[in-house]
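Just below is one structure, and these are the notes that go with it.
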Amino acid sequence: MNNVEIRQIFYDKNTYRVIKSPAIPLDNTTGPRDWFEFWPILKFLYNNELNSSYHYGFFSPKFQEKTGYSINEVMDIVKKNNENDLIIFSHSWELLSYYKNPWEYGETVHPGIIDETQKFLNHAGININLNNFITSCKDSFYSNYVVANKKYWDNWVKLSLCFYNYTKLSTSKINFLNTHHDRKNNYPLKVFIQERLPSILLAIERYKTANFVKNYNDIKWNFKKTPQNIEKLKSCDFYKEQFIKKGKKVEYLSKFEKIKKTVLLENLWFNFMTSKPFLIKKFIAFLNLLTQGRLQESFEKKRNNEYLNRLN
């Protein structure tokens, strides 16, 4: 018996055409653009009673591109692991492993996300300090890439409605805060808070979870892509998971912090250059040529020191 339902969100004809069975189309052609995938998921769950014997997933059009998994592969994995409340399909596993939690990384690309999320948590009476919060790949994920049971989704709706209502309060400025993403500066900060809220759910209530990564060698961010470095990143996640599972013993957190400092970073110059307008990029490249690469060397040294200082 098929007790798994995967819905794939579409925004227009192009994103509708790529949906193939067994995925079920989920319409977001008329949803508010400032909430992205959050809106159709919340709308569906609010209007439909879930079956307690089923697992449900709600994926964006980029699911396979980001995770490497096809919908058929997801269905097979969920059926074989349906004793879990949540089956997580991790993308950017290296970020989830390297940073203490999704907010620590978020602060490097969406400044202010920790402060704004903490305001919401305080408002909701959730006793979590994001500066000390530890998560692992077993209890954090991006983009709502999870297939989960009724227990999880019912609680997700409660927390999501709480956050949605919070954004409507006159005392909250969050609806007016934008951030940089995908080379644009007008993305609502609230959507990047929302996609991180499952980590809060998994911290305040016990769930049985399993996480899957299609290819650990597929690292897209600022880490050197060597076998040794990949193993170090896996170790970061392992020690955080042990810290959570074994009574938050400081020894595991110390091991995590120690090995984290040995992870090698790269691509700092490339990412810096690609973020600049063409004329500025051309001028900086010319200066770097004049200095025989010393400008790039100095920049990368400075940025690496910034990373290390943030760890201390």
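All of the numbers you see were taken from the coordinates with simple rules; none came from a lab. Predicted, not measured: the structure shown is a model, and the values here were computed from it. Counting neighbours? That spans all protein chains shown, and the Cβs are built from the backbone with ideal geometry, glycine included.
For the range 4-221, the gyration tensor built on C-alpha atoms gives a rounded shape. Its axis ratio a/c (a ≥ b ≥ c) stays under 1.5.
Amide H contacts of His180 (H built 1.01 Å from N, in plane; Pro and chain starts excluded): no residue 5 or more places away or on another chain comes under 5 Å. Taking every DSSP beta bridge that has both residues in the chain, what percent is antiparallel when rounded to the nearest 5? Among the beta bridges of the chain, antiparallel pairing accounts for roughly 40 percent. On a 0 to 90° scale, report how tilted helix 113-124 is relative to the longest principal axis of the chain, with both axes built from alpha carbons and the result rounded to the nearest 10. It works out to around 30 degrees.
Backbone geometry of the range 8-25 corresponds, through the Karplus equation with coefficients 6.51, -1.76 and 1.60 at θ = phi - 60°, to 3J(HN,Hα) couplings of 10, 7, 10, 10, 7, 5, 5, 6, 6, 4, 7, 6, 10, 4, x, 5, 9, x Hz, x marking Gly and Pro.
Go ahead and estimate [θ] at 222 nm for the chain from helices alone: -39,500 (n - 2.57) per DSSP H run with n ≥ 4, summed, over the residue count, rounded to 500.
Numbers: 15 runs with 156 residues, N = 312.
Value at 222 nm, helices only, nearest 500: -15000 deg cm²/dmol.
Restricting the GluC sites (Glu not before Pro) of the range 40-136 to loop positions (DSSP other than H, G, I, E, B) with no more than 10 neighbouring Cβ atoms within 10 Å leaves Glu49, Glu83.
For the chain, the relative contact order works out to 18 percent when only alpha carbon pairs closer than 8 Å and six or more residues apart are counted.
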